[in-house]
Amino acid sequence: MMNGSNVIGKTEQTIGGRTAALYGDPGAKTVFLQPVDAHDAPHLDGEAEALRALCGHGDWCIAAIPVASWNDALTPWKSPPVFGTEGFGDGASRTLEYLLAHVLPRLDGRKVHLCGYSLAGLFALWGAYQTDAFAGAAAVSPSVWYPGWRAYAAAHSVAVPRVYLSLGEKEETARNRIMASVGDAIRYQYRLLSEAGVACVLQWNPGNHFADSDVRMAKGLAWLMEEPGAAAGRPL
């Protein structure tokens, strides 16, 4: 997988029946797998440009992996609606199976990180508990408010060595009571990881959940590329 010239622009490659958008160097030794859907597409160019601003052209590639159903493909167990009328499914295991069966084999010898924003951030964090196949995870504004998540995190151990967490400073002021619990939930997540000896950081960003998602993602990916032990932002 991923042989080509060093370009910051978008290229595409079909993998296991899905067409992934690639940003950066398709032959890079560092690859960031990021599940996305249509609402992410407008932000991916900005994310790649922001990562280039932080790290230069560099030896990296963002592989944006499409998912068909955001509320099903990224969540590990079913849950009723938290807002609106659409509930959540249990398709995370199938998405992870796709990555392990179709994408990872093409990246043998590369340093591969699992990354995501919002529910995809929750998926990246959940995936970090499931397998040691990834070098690290970036859970950016992750939906750790998800019902049952805190109990799951407390009862299981992360299998990857490095985890990046971030949240917008206004996210915990959401009107929705469940979603407003995200601040306490991510502090708890950071504490669990720290106490377990996982190299991790919790970075706070200005704004609500929808602010500057491209820049926030780039900051998480840049941290994963830093030497172990590097810090970013205040933890609590």
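The values are calculated or read from the model by the stated rules, or taken from the named source; none is laboratory data. Since the model is a prediction, treat every value here as computed from it, not as a measurement. Here Cβ is always computed from backbone atoms with ideal geometry, including for glycine, and neighbour counts include all displayed protein chains.
Brief remarks on what is shown
So that you can scan it fast, the table gives a plain yes or no per residue for (1) assigned to a helix (DSSP H, G or I); (2) in contact (Cβ under 8 Å) with a residue 12 or more places away in the chain; (3) within 22 Å of A48 (Cβ to Cβ):
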residue: W145; (1), (2), (3): no, yes, no
residue: A153; (1), (2), (3): yes, yes, no
residue: S157; (1), (2), (3): no, yes, no
residue: R175; (1), (2), (3): no, no, no
residue: Y188; (1), (2), (3): yes, yes, no
residue: L192; (1), (2), (3): yes, yes, no
residue: W204; (1), (2), (3): no, yes, no
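- Residue check, D90 surrounded by fewer than 23 Cβ atoms within 10 Å (Cβ to Cβ) and either out of contact with any Lys or Arg (no Cβ under 9 Å at 6 or more places or on another chain) or among the polar types (S, T, N, Q) (or both): no
- Failed item, numbered, when D40 is tested on (1) of a type in the set (D, E, K, R); (2) surrounded by 20 or more Cβ atoms within 10 Å (Cβ to Cβ); (3) free of Cβ contacts under 8 Å to residues at least 60 places away in the same chain: (3)
- Residue tally, condition more than 14 Å from Q34 (Cα to Cα) and touching a residue at least 24 places away in the same chain (Cβ under 8 Å), over the stretch 94-108: 4
- Residue list for the stretch 121-135, restricted to those being out of contact with any helix residue (DSSP H, G or I) (no Cβ under 8 Å at 6 or more places or on another chain), under 14 Å from A73 (Cα atoms) and either among the aliphatic types (A, V, I, L, M) or surrounded by fewer than 24 Cβ atoms within 10 Å (Cβ to Cβ) (or both): A124
- Residues in the stretch 108-120 that are in contact with a strand residue (DSSP E or B) (Cβ under 8 Å, 6 or more places away or on another chain) and surrounded by fewer than 19 Cβ atoms within 10 Å (Cβ to Cβ): R110, K111.
- Selection within the stretch 159-173 - farther than 19 Å from F134 by Cα, not small (G, A, S) and not in a loop (DSSP other than H, G, I, E, B): L167, E171, E172, T173
- Top-ranked residue of the stretch 24-35 - restricted to ones that are buried (at least 18 other Cβ atoms within 10 Å of the Cβ) and out of contact with any Leu (no Cβ under 7 Å at 6 or more places or on another chain), ranked as nearest to H209 (Cα to Cα): Q34
- Here W60 fits the description: crowded, with 23+ Cβ neighbours inside 10 Å and farther than 23 Å from L167 by Cα.
- Within the stretch 206-223, tally of residues that are surrounded by 20 or more Cβ atoms within 10 Å (Cβ to Cβ) and either β-branched (V, I, T) or in contact with a Cys (Cβ under 8 Å, 6 or more places away or on another chain) (or both): 4
- Top-ranked residue in the stretch 1-37 [being modelled with pLDDT of 90 or more and part of a loop (DSSP other than H, G, I, E, B); ranked as nearest to the chain's Cα centre (by Cα)]: D37
Condition check ((1) part of a helix (DSSP H, G or I); (2) under 18 Å from K29 (Cα atoms); (3) of a type outside the set (K, R)) across all residues:
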{"residue": "L44", "(1), (2), (3)": "yes, no, yes"}
{"residue": "E49", "(1), (2), (3)": "yes, no, yes"}
{"residue": "R52", "(1), (2), (3)": "yes, yes, no"}
{"residue": "C61", "(1), (2), (3)": "no, yes, yes"}
{"residue": "A68", "(1), (2), (3)": "no, no, yes"}
{"residue": "S93", "(1), (2), (3)": "yes, no, yes"}
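- Looking across the stretch 106-135, the residues that are among the aliphatic types (A, V, I, L, M) and outside any helix (DSSP H, G or I) come down to V112, L114, A133, A135.
- The residue list S181, S166, S141 contains one member that is hydroxyl-bearing (S, T, Y), crowded, with 16+ Cβ neighbours inside 10 Å, over 18 Å from the mean Cα position of the chain (by Cα) and under 26 Å from G91 (Cα atoms), which is S181.
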